[in-house]
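Novice: There's a structure below that I have some questions on.
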Amino acid sequence: MDIKKKLLGSAATIALASMATIGGTFAYFSDSVDATSQFTNGTINLQPEKPYLEHFNIKNWKPGDTLVANRGNQEPAMILNNQGTLPMNVFMKVDTSSVKGTHNEIIVQSLMFGDVDLLAAWFTTEQIEAGVTLAELDEVANGDTTLNNNEIKDIGKYIGFLNAPTKNSDGTTNKAGTIKGVKYQLHFKDSGLDQNKLQGDQTSIKFEFTGLQYEGITYDESNLSNHKEGGGGQYSEEDGFDINDRSNEGDKNN
């Protein structure tokens, strides 16, 4: 076979290969569909941030004095505000100290979160009548919890919850249960005895609050809808879905 015939044969082979490639790319019927879904994570946002959370610095404190903090924004009652999109369980830690022992002489006469009496929840009637001191509150206002079967250590004592803001049917925002105050009354006990050793003492009280999400839930046909007759389309939370439902919460301190 001469060179010319070899070249013609090679060209024919290349042409057939090219046709096979073209046929492999385009010579079939096809159809395709796709659906893109998304998750938008909720937010936990406990406000106000430090230093705007109410606090106090009282000088010349003496036996017989009482600090009343029962009105938000007027006294040092601490107002907690949920500005996120998820409801939260709220935990409180209290750390108190003094050089000479004054925190053992300051009586917590009341301690409320919203309408929940925290003294009644944490102490016996006998302890309250005897007078719960700041030092004793420090010992009790601590604890662990679990979330989604995971243990969370040293988060503080559960004091209650804050709802997430929701939308009313008319488009306005429902903020019921999103704002609650921590209100308290402290009294420097006059023992009727010599308390001169406490002169010049300084007592530190630190309240620390942590907002923690609710337990995870399952999304399925019980709470998802395409909001129309028949199947298909975009599914989202059905009308009436309650983001603030607490049915899975239970006891929050171990």
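None of the figures in this text is laboratory data; all of them are computed from the coordinates on show. Nothing here was measured: the structure is a model prediction, and the numbers come from that model. Positions of Cβ are backbone-derived with ideal geometry, glycine not excepted, and every protein chain shown enters the neighbour counts.
Novice: Across the chain, how large is the tail of the calculated P(r) beyond 34 Å, expressed as a percent of all Cα pairs?
Specialist: For the chain, the fraction of Cα-Cα distances above 34 Å is 44 percent.
Novice: Could you put 62, 50 in order, starting from the residue whose Cβ has the fewest other Cβ atoms within 10 Å?
Specialist: In increasing order of surrounding Cβ atoms, one gets 50, 62.
Novice: Same structure, new question: So which GluC sites (Glu not before Pro) in segment 168-235 are both in a DSSP loop and have at most 10 other Cβ atoms within 10 Å of their Cβ? Can you show the working numbers first?
Specialist: Numbers: sites: 208, 215, 221, 229; in loops: 215, 221, 229.
The qualifying sites are 221, 229.
Novice: Loop-only trypsin sites (Lys or Arg not before Pro) in segment 204-246, please: DSSP not H, G, I, E or B, and at most 16 other Cβ atoms within 10 Å.
Specialist: Working: sites: 206, 228, 246; in loops: 228, 246.
Of the trypsin sites (Lys or Arg not before Pro), the ones in loops of segment 204-246 whose Cβ has at most 16 other Cβ atoms within 10 Å are 228, 246.
Novice: For helix 3-26, report the angle its Cα long axis makes with the longest principal axis of the Cα atoms of the chain; keep it between 0 and 90° and round to the nearest 10°.
Specialist: 40 degrees
Novice: Using the number of other C-beta atoms within 10 angstrom as an exposure proxy, rank 66, 178 with the fewest first.
Specialist: Fewest-to-most Cβ neighbours within 10 Å comes out as 66, 178.
Novice: Right, something else. Considering amide H positions built from the backbone, and no H for Pro or chain starts, which residues 5 or more places from residue 54, or on another chain, come under 5 Å of its amide H?
Specialist: When sequence neighbours closer than 5 places are left aside, the close amide H contacts are 79.
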